[in-house]
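First comes the structure, then the notes that go with it.
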Amino acid sequence: MTQINTTIDFDLEGKQVGWLRLPYSVSRSAYGTISVPIATIVNGPGPQILMIAGNHGDEYEGQIVLTRLIQKLKTKDISGRIVILPALNLPAVTAGERTSPLDGGNLNRSFPGDPNGNPTEMIADYVENYLLKMMDVVVDFHCGGASLDYRPHASAHFSPNATPEHKTRSIEAAKALGVPHVMIFERNPEPGKLPDAAMRNGVISLGGEFGGMASVKRSSVTLVETAVERVLAHFCMIDKTFITKNSEVRIMAPPKFNDHVYVDECGIFEPATELGDFVIAGDLCGHILFPENPSRDEIKVYFMSEGEVVCKRHLGRVQPGDCVAHLATEFISENSK
């Protein structure tokens, strides 16, 4: 059973803005709590949608858009129930870091969580075992964080064992978000990410990467604003009949093997590709150079699969195990083989 208390009544009609209170007893505050902001807007029967930002604290566009959404959206504007968490991993958000400074936890690697665990695990448990059980749809906005730069994409996540109807609804919803590229992640749920929690609860799982580099780009904010409006319209939560589907959407997915490129040395990585480039196995990904030892020859890093470069490392300095690129190819459903 969760130790988190909330000031929100999820069934109450109207608009509420309050807190999820996690117990966090420390020397300076024996009965202290971590107060995660939460808002609900309820207006009669209709879709049940959970919107999340701040899963990683250094990804800002979603935090900006959902904060404004809480301020501007009125009860009369919707049908159904929206639950909004603009700063889900609050300790990471206030620190501007990917992971929580309290426990080192990466929230998007912590599901299903633990009701008696550290703060990150408690948040994950509450989302999976309380919030998602009320929902039809969850939308989780990401932006690459400090280390990565993404070609923007919307995403849908589902299991190969999901019903054809669930898969179709997920893909169509992702296509409706107004982003030219849609990534499909079709895999069995496992411990780790929020989409896995959604799969376990039978919830449509949407999201995407809308930028990166721990910066705030106006174009990325606009993409998230558009995605929020379109997802609400797609599920008939708001009346926006003028919104149409993007006819130019490309449906992509990670290659089955070797979709990420990793480095095995400390140094400075110089990329050899740009976002959107098409590569094949054996193409040059980049070089690692060693300014601290200039007599040492640079090392070449190669792609091990083919596809389009959808993500690149932003930071120049690398260490063994760092990802420097991510590929995607045209989506082929498990059921269409």
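Each value in this text was obtained by applying a stated rule to the coordinates, not by laboratory testing. It should be emphasised that the depicted structure is a prediction, and the values quoted were computed from it without experimental measurement. So basically every Cβ, Gly included, is an ideal-geometry build from the backbone, and we count neighbours across all protein chains shown.
Can you tell me how many residues in segment 299-324 are closer than 22 Å to Val182 by Cβ and in a loop (DSSP other than H, G, I, E, B)?
Step one: of segment 299-324, the residues closer than 22 Å to Val182 by Cβ are 305-312, 323.
When the remaining residues are screened for being in a loop (DSSP other than H, G, I, E, B), the result is 305-306.
Number satisfying all stated conditions: 2.
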Please state which one of Gly117, Gly113 is surrounded by 18 or more Cβ atoms within 10 Å (Cβ to Cβ), touching an Asp or Glu at 6+ places or on another chain (Cβ under 8 Å), part of a loop (DSSP other than H, G, I, E, B) and among the small types (Gly, Ala, Ser).
Gly113
For Arg81, are the conditions met, namely being among the basic types (Lys, Arg), in contact with a Pro (Cβ under 8 Å, 6 or more places away or on another chain), under 19 Å from Leu132 (Cα atoms) and not in a loop (DSSP other than H, G, I, E, B)?
yes
Give the residues of segment 175-234 that are of a type in the set (Val, Ile, Thr) and either in contact (Cβ under 8 Å) with a residue 12 or more places away in the chain or in contact with a helix residue (DSSP H, G or I) (Cβ under 7 Å, 6 or more places away or on another chain) (or both), sorted by residue number.
Val179, Val182, Ile184, Val203, Ile204, Val216, Val221, Val224, Thr226, Val228, Val231
Residues to consider are Leu102, Leu88, Leu69, Leu50; find the one that is in a helix (DSSP H, G or I), in contact with a helix residue (DSSP H, G or I) (Cβ under 7 Å, 6 or more places away or on another chain) and either over 16 Å from Val138 (Cβ atoms) or not polar (S, T, N, Q) (or both).
Leu69
Of all residues in segment 76-87 being out of contact with any Leu (no Cβ under 6 Å at 6 or more places or on another chain) and closer than 20 Å to Trp19 by Cβ, which is surrounded by the most Cβ atoms within 10 Å (Cβ to Cβ)?
Ile82
What's the total number of residues in segment 17-58 that are free of Cβ contacts under 8 Å to residues at least 60 places away in the same chain and more than 23 Å from Pro195 (Cβ to Cβ)?
20
Restricting to segment 247-262, and then to whatever is over 12 Å from Ala325 (Cα atoms) and charged (D, E, K, R), can you tell me which residue is surrounded by the fewest Cβ atoms within 10 Å (Cβ to Cβ)?
Glu248
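Any residue that is more than 23 Å from Ile64 (Cα to Cα) and aliphatic (A, V, I, L, M) - is there at least one of those in segment 139-160?
Within segment 139-160, the first condition is being more than 23 Å from Ile64 (Cα to Cα), and the residues that meet it are 157-160.
From the residues that got through so far, the ones that are aliphatic (A, V, I, L, M) too are none.
Within segment 139-160, not a single residue is more than 23 Å from Ile64 (Cα to Cα) and aliphatic (A, V, I, L, M).
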Output yes when any residue across segment 312-332 is in contact (Cβ under 8 Å) with a residue 60 or more places away in the chain and among the small types (Gly, Ala, Ser), and no when none is.
yes
